[in-house]
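The values are calculated or read from the model by the stated rules, or taken from the named source; none is laboratory data. Predicted model only: the values in this text are computed from it and were never measured. Backbone-built Cβ (ideal geometry, glycine too); neighbour counts: all protein chains shown. With ligands, DNA and RNA removed, areas are computed over all heavy atoms of the protein, side chains included. Shrake-Rupley method; radii C 1.70, N 1.55, O 1.52, S 1.80 Å.
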Amino acid sequence: VTVDLKNDLSIEGVLVSVDQFLNIRLDDIKVMNVEKYPHMMFVKNCFIRGSVVRYVRLPPDEVDTALLQDAARREAQHLKQQSTKKTGVAA
């Protein structure tokens, strides 16, 4: 993945973990703008606080769009069923 930070630093690496606050841990990182941040050349892994993340870019060939669409469809159906149970109105 590539993580773009609010300070215009872009870091590419292997996604190890992410939490609900968008805190991200990357291994085998490469800094995209080495000329501007030469001290980052020697860093191999990092933890990125979620509040400094601008974008997270995933490689298009790694994203299974059919799986995402199916998951979104199931989530929408589940939410619809939840709201129907709460209101007692059949859809």
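For the chain, the per residue solvent-accessible surface stands at 77 Å², with DNA, RNA and ligands left out and a 1.4 Å probe. Per the 1.4 Å probe, what fraction of the accessible area of the chain, in percent, lies on carbon and sulfur atoms? That fraction is 57 percent.
Between LEU79 and LEU58, what's the calculated FRET efficiency when r is the beta-carbon distance and R0 is 25 Å? Round to 0.05. Calculated transfer efficiency: 0.55. Classify the range 2-87 as rounded, prolate or oblate, taking a ≥ b ≥ c as the square roots of the eigenvalues of its Cα gyration tensor: rounded when a/c is under 1.5, otherwise prolate if a/b is larger than b/c and oblate if not. Prolate, since a/c reaches 1.5 and a/b exceeds b/c. A crude spin-label estimate for the pair ALA72 and VAL16, with each label 7 Å from Cα along the Cβ direction, gives 3.1 nm. Of the whole protein surface, GLU12 contributes about 60 Å² of accessible area at a 1.4 Å probe radius. For ASP27, the shell of other residues with beta-carbons less than 13 Å away shows a net charge of +1, using +1 for Lys and Arg and -1 for Asp and Glu.
The local environment of LEU67, defined by Cβ-Cβ distances under 15 Å, has a net charge of -3 under the rule Lys, Arg +1 and Asp, Glu -1. Say the dipole of the chain comes from +1 at the beta carbon of Lys and Arg and -1 at that of Asp and Glu; which of LEU15, VAL1, VAL53 then lies farthest toward its positive end? Among LEU15, VAL1, VAL53, the one farthest towards the positive end of the dipole of the chain is VAL53.
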